[in-house]
Amino acid sequence: MTARESLFEGDKLKVEEAPPSLQRDLIEGLRLGFIGIAIMLAAAFFFSGVVHPLFALGSVEETVTDVLTRLALLAMPFVAYIAAASVARRYSARDVPRALALALTCSLVLFALISAGHYALGTGVFAPRPSLQMSLSQTDAGIRVDAIVPGGAADTAEMQVGDLITAIRRDAVDLAAFNKRLGQSEDDAPLRLRFIRGGEEMQETVRVVLQTDKDLRRLTPGLALGLVFTAIIIFLPGHWAPYIALVGLLSPLLVGYFWVIVATFSYRTEGLVPLDSNDNFGGFTLKNWESIFAGDIAGLEFNIWPILMTSLAIAVVMTFVVLLVSSMAGYALSRMHFPGRRFFLSFTLILHGFPAITLLIPIFIVLLRLKDVPFVGEFIGFNTIGGIALVMVAFQLPLGVWLMKGFFDNIPWDMERSALIDGASRFRTYWEILLPQIRPGLLALGIFAFIGGWNAYIIPATYSIGTGLSNLPVFLNELIDETAPVDWNQVAAVGLFQLIPIFIFFIFAQEYLLNIYAGGTKGSS
Amino acid sequence: MEIRIDNLTKKFGDVVGVEDLTLHIDDGEFVAFLGPSGCGKTTTLLTLAGIYKPTDGLIRFGERVVNTVQPKDRNIGMVFQSYALYPHMTIFQNIAYPLKLKKAPKSVQNERVRQVANVMGIGDLLDRRPGQLSGGQQQRVALGRALVKEPDVLLFDEPLSNLDARLRLTMRGEIKHLQKNLGITSIYVTHDQVEAMTMADRIAVMSGGHLQAFDAPDELYDRPKTRFVAGFVGNPPMNFLDVEVSQANGGFLAQADSIRLPLGKTRGEAAAARAGSVTMGIRPEDIQIADDGEVDGEIFVVEPLGREDLIDARVGPHSFILLADTEARRRAGERVSLKFDMTQAQFFDPQTERSLLWHQ
């Protein structure tokens, strides 16, 4: 028998589990919260103190770093709450009161800390706000001045208690509009107020002062929001987190689409809210859509159907040719050895990275000459759909060829050999055995090509000058007149109209795109 | 179908796949190509299939030279390691594909596919797709697809490598049985010498693009013509040892360090004819642990195989693999005495690696 030796001294893998202690959990939650605050502060500093100066060094004017800094500061308390609540989450299933007590205590402390920071730095709720240093209330006759700070801005302007404010300059205001106007004013900006004093209409100019409001009641909404947020975090099912994050990240896009849809059905919008002529919610209309089909937008007369057909023709021709050429070239590059193969591969990659815009004029000349070639020129010369599609196809091909080559590379050689031995010709193998297996790839490339062709602007706009030949994007640009005011709701309607086929396309293609064949081959080829 | 390969060479640029291969395969014979990875066996197979064109040499199917004949015109069936089933077709369509390409009428296709599927035991799977089948079922489909067009030659490219050990055993028997029944000339590429030994009528052992030996399994095992064949065929592999063979006291003696082994006359003379040291080979089953052994050694590792124990015994700097009865319950560290059955020993020229006993 050989002696058995242990490689390790003692058994260190056993960890003694201590009974849960509220105090320790509290400290851990707070510590995580502090770390969250520290990280967000560091992020804010990184954007404002590091990235922004770097841009400034290069004389780049931008507001992105500013937005990111604000975002980091805005998200800071929430990150802290989430970090602190993560400790409480481990009790949320079995001991709800404990989890709640823990999380709410933590968020209370963190909120107090952050508020103290705001107070000390004069930021957040304690940031100076524009003020006229008087308190107001809404009455039927106008905005009543209830109190005036002695020696303040209103007092200096000789406003009196009991004055009824009716307008700023000539714009009639209620209290909400008044506060909004005030909130947008800068320091020392003059506000000329119309008011009624003793039945007599008067005017005074009051200068805005920036003033820090130290009323602690202003903290209440923030605190309530923090506590509710923390409570939600504790009980939120963990698997929802990715969806919430996704929706959060997608929200700018969603808001954009929402606006487009709302705008097409209304006369005008403010933000996302459609308004009628009296600034009230409402004012829905179908006129934006009607005028598309009626062929008259702001005096511009047109027929939408030929434009639509042009778009469709470019997209379809492009999809068809790109798929055909890419799949054949991809097959050859993947499966065959021929002189210049490597050169061709690297050259197409370079072409793919080549800025197409720089070729606009040379290609213009080429198309112009092509126009003079008998017969061929009728189809692919300047000012023809074929010519436009040809150029677009050429720009799309490098990507397509590489994509297809990649897909063919993934099919084992044995599959092809097997088909050849089964009695198929090379072309039949390509057509019946290989192409069906790269169907997801063909569809992806087809959608790329179709959308590329459908949304094409620069090339159709350049190579169809001075003709009635225009596709939807080119037409869309014609709507944006340089001299007359643009009806954006009308533009949105045409934009949405252009989107419809893409939507339909996706609804049907989605299924195929997700359908990736499973199994059939195993091991290496 | 008789296959005659004469002086076949296949090169990929400067890389030699196979060189100067001459091999005659009889009608209805089951031949295995055995060798380590990259020895040229699959290259030879694909050249026979018509996927590769020979650089040099002749391939004849019967009387017809097929060097430049397209794969589809050779009437061969092939089974791949990866099965190579068409994932977008049902099992029925997979098996029927060769018939469809031959433009066989629908009724004939239907009948033949069902027949083959029943023989292969996959008759109830015809509506499924390859992805829904297990590895063993996929391999049966692949075999069925190869058989359905009644090929003159069947080619197998390591068809069982992706199956688990148990299934491999079953399929081995089934393929052999099927081949004997149908009498189709078959070539079976494998790196598993057990597969080759159990299934093939003759084995072509290949290494580095060259044919090392082409013989019946027993012949290869008992009379290996090169050291490579001796080492590659047999499991566990043969033990090799460099020895000096000398004549002493009317007998012969093979000697290496402290090991001294008496030799019979035929083997002794053949080995002694080569001046200097020679390579001696001895199979694990020809070494016994016995009380009256000639050599003393120590057991280094014991690997229980169930039926017997695989023992690595060390004698000085030399190591010997041998098999022992599990009943003996050998332990590592134990000192034992080894008895060599020198009537089974093989001798090779260390330079040419050719056998000193079995000249051609």
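The values are calculated or read from the model by the stated rules, or taken from the named source; none is laboratory data. Since the structure is predicted, the reported quantities are computational estimates derived from the model, not experimental observations. Using ideal geometry, Cβ is built from the backbone for each residue, glycine included, and neighbour counts are taken over all protein chains shown.
Residue by residue, here is whether (1) of a type in the set (Asp, Glu); (2) touching a His at 6+ places or on another chain (Cβ under 9 Å); (3) in contact (Cβ under 8 Å) with a residue 40 or more places away in the chain holds:
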{"residue": "B:Ala248", "(1), (2), (3)": "no, no, no"}
{"residue": "B:Gly251", "(1), (2), (3)": "no, no, no"}
{"residue": "B:Ala254", "(1), (2), (3)": "no, no, yes"}
{"residue": "B:Asp257", "(1), (2), (3)": "yes, yes, yes"}
{"residue": "B:Arg260", "(1), (2), (3)": "no, no, no"}
{"residue": "B:Ala273", "(1), (2), (3)": "no, no, yes"}
{"residue": "B:Ser277", "(1), (2), (3)": "no, no, yes"}
{"residue": "B:Ala290", "(1), (2), (3)": "no, no, yes"}
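Residues of segment B:133-149 include at least one that is surrounded by 23 or more Cβ atoms within 10 Å (Cβ to Cβ), outside any helix (DSSP H, G or I) and more than 8 Å from chain A (Cβ to nearest Cβ).
Being closer than 30 Å to A:Ala103 by Cβ and surrounded by 14 or more Cβ atoms within 10 Å (Cβ to Cβ): is that true of A:Ile234 here? So A:Ile234 passes the test. Could you go through segment B:51-67 and let me know if any residue there is under 18 Å from the mean Cα position of the chain (by Cα) and of a type in the set (A, V, I, L, M). Checked segment B:51-67: no residue is under 18 Å from the mean Cα position of the chain (by Cα) and of a type in the set (A, V, I, L, M).
Here A:Ile350 meets each of (1) assigned to a helix (DSSP H, G or I); (2) farther than 20 Å from A:Phe395 by Cα with one exception, condition (2). With the structure loaded, tell me whether B:Ala196 is without any contact (Cβ under 8 Å) to a residue 40 or more places away in the chain, surrounded by 18 or more Cβ atoms within 10 Å (Cβ to Cβ) and assigned to a helix (DSSP H, G or I) or whether it fails that test. Against the criterion (without any contact (Cβ under 8 Å) to a residue 40 or more places away in the chain, surrounded by 18 or more Cβ atoms within 10 Å (Cβ to Cβ) and assigned to a helix (DSSP H, G or I)), B:Ala196 does not qualify.
For segment B:60-99, taking the residues that are free of Cβ contacts under 8 Å to residues at least 24 places away in the same chain and of a type in the set (D, E, K, R), the one that is nearest to A:Pro440 (Cα to Cα) is identified as B:Asp73. Considering the conditions (1) more than 22 Å from A:Ser425 (Cα to Cα); (2) of a type in the set (S, T, N, Q); (3) surrounded by 20 or more Cβ atoms within 10 Å (Cβ to Cβ); (4) out of contact with any Gly (no Cβ under 9 Å at 6 or more places or on another chain), B:Gln109 is excluded by exactly one of them, (1). You will find that of B:Tyr52, B:Tyr83, the residue that is within 14 Å of another protein chain (Cβ to nearest Cβ) and within 22 Å of B:Glu195 (Cα to Cα) is B:Tyr83 and no other. When the residues of segment B:114-132 are filtered to those that are buried (at least 17 other Cβ atoms within 10 Å of the Cβ) and within 13 Å of another protein chain (Cβ to nearest Cβ), the one that is farthest from B:Val194 (Cα to Cα) is B:Arg129.
Residue by residue, here is whether (1) within 30 Å of the chain's Cα centre (by Cα); (2) hydrophobic (A, V, I, L, M, F, W, C); (3) under 30 Å from A:Tyr91 (Cβ atoms); (4) loosely packed, with under 12 Cβ neighbours inside 10 Å holds:
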residue	(1), (2), (3), (4)
A:His239	yes, no, yes, yes
A:Tyr243	yes, no, yes, yes
A:Phe265	yes, yes, no, no
A:Leu286	yes, yes, no, yes
A:Ile304	yes, yes, no, no
A:Ser326	no, no, no, no
A:Arg335	no, no, no, no
A:Phe343	no, yes, no, yes
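For (1) within 23 Å of B:Val16 (Cβ to Cβ); (2) in a loop (DSSP other than H, G, I, E, B); (3) within 14 Å of another protein chain (Cβ to nearest Cβ), each residue gets a yes or a no:
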{"residue": "B:Pro36", "(1), (2), (3)": "yes, yes, no"}
{"residue": "B:Leu45", "(1), (2), (3)": "yes, no, yes"}
{"residue": "B:Arg60", "(1), (2), (3)": "yes, no, no"}
{"residue": "B:Met78", "(1), (2), (3)": "no, no, yes"}
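Would you mind finding the one in A:Leu312, A:Leu360, A:Leu308 that is in contact (Cβ under 8 Å) with a residue 24 or more places away in the chain, in contact with a Ser or Thr (Cβ under 7 Å, 6 or more places away or on another chain), closer than 30 Å to A:Pro501 by Cα and not small (Gly, Ala, Ser)?
Exactly one residue qualifies, and that residue is A:Leu360.
Screening B:Leu167 on (1) surrounded by fewer than 22 Cβ atoms within 10 Å (Cβ to Cβ); (2) within 13 Å of B:Leu85 (Cα to Cα); (3) of a type in the set (A, V, I, L, M) shows it passes everything except condition (2). Do we find a residue being of a type in the set (Gly, Ala, Ser), surrounded by 17 or more Cβ atoms within 10 Å (Cβ to Cβ) and within 30 Å of B:Ala49 (Cβ to Cβ) anywhere in segment A:461-483? No, segment A:461-483 has no match at all. The set of residues from segment B:155-184 being outside any helix (DSSP H, G or I), at pLDDT 90 or above and more than 17 Å from the chain's Cα centre (by Cα) comprises B:Gly183, B:Ile184.
Taken over segment B:99-111, the residue count meeting the criterion of being of a type in the set (D, E, K, R), assigned to a helix (DSSP H, G or I) and within 14 Å of chain A (Cβ to nearest Cβ) is 1. Please work out if B:Ala165 is within 12 Å of chain A (Cβ to nearest Cβ) and small (Gly, Ala, Ser). It is false that B:Ala165 is within 12 Å of chain A (Cβ to nearest Cβ) and small (Gly, Ala, Ser). Identification of strands (runs of 3 or more DSSP E) wholly contained in segment B:234-327 with 2 or more residues that are among the β-branched types (Val, Ile, Thr) and farther than 22 Å from B:Asp349 by Cβ yields B:287-289, B:295-304, B:308-315. Can you find, within segment B:302-318, the residue that is farthest from the chain's Cα centre (by Cα) among those that are surrounded by 13 or more Cβ atoms within 10 Å (Cβ to Cβ) and in contact (Cβ under 8 Å) with a residue 24 or more places away in the chain? Filtering segment B:302-318 for residues that are surrounded by 13 or more Cβ atoms within 10 Å (Cβ to Cβ) and in contact (Cβ under 8 Å) with a residue 24 or more places away in the chain, the one farthest from the chain's Cα centre (by Cα) comes out as B:Gly316. The condition of being more than 14 Å from every other protein chain (Cβ to nearest Cβ) and under 36 Å from the mean Cα position of the chain (by Cα) holds for A:Gly446. Within segment A:199-217, the set of residues being in contact with a strand residue (DSSP E or B) (Cβ under 8 Å, 6 or more places away or on another chain) and either assigned to a strand (DSSP E or B) or not β-branched (Val, Ile, Thr) (or both) comprises A:Glu201, A:Met202, A:Gln203, A:Glu204, A:Thr205, A:Val206, A:Arg207, A:Val209, A:Leu210, A:Gln211, A:Asp213. In contact with a Lys or Arg (Cβ under 6 Å, 6 or more places away or on another chain) and polar (S, T, N, Q), is that true of B:Ser107? Here the answer is no, as B:Ser107 does not meet what is asked. Scanning for something without any contact (Cβ under 8 Å) to a residue 60 or more places away in the chain, in contact with a Gly (Cβ under 9 Å, 6 or more places away or on another chain) and under 25 Å from B:Trp358 (Cα atoms), does segment B:263-271 turn up at least one residue? Yes, segment B:263-271 has at least one match. Listed by first and then second residue, the pairs with beta-carbon distance under 8 Å, at least 6 apart or on different chains, first residue in segment B:323-341 and within 10 Å of B:Gln288 (Cβ to Cβ), second of a type in the set (Ser, Thr, Tyr), form an empty list.
Across segment A:420-436, the qualifying residues are those that are facing another protein chain (nearest Cβ under 7 Å) and β-branched (Val, Ile, Thr), and the one among them that is farthest from B:Asn75 (Cα to Cα) is A:Ile433. Screening the candidates A:Asp140, A:Asp215, A:Asp187, A:Asp146 for the property of being loosely packed, with under 15 Cβ neighbours inside 10 Å, of a type in the set (D, E, K, R) and at pLDDT 85 or above yields one hit, A:Asp146. If you go through segment B:328-353 and pick out every residue that is assigned to a strand (DSSP E or B) and surrounded by 14 or more Cβ atoms within 10 Å (Cβ to Cβ), you end up with 8.
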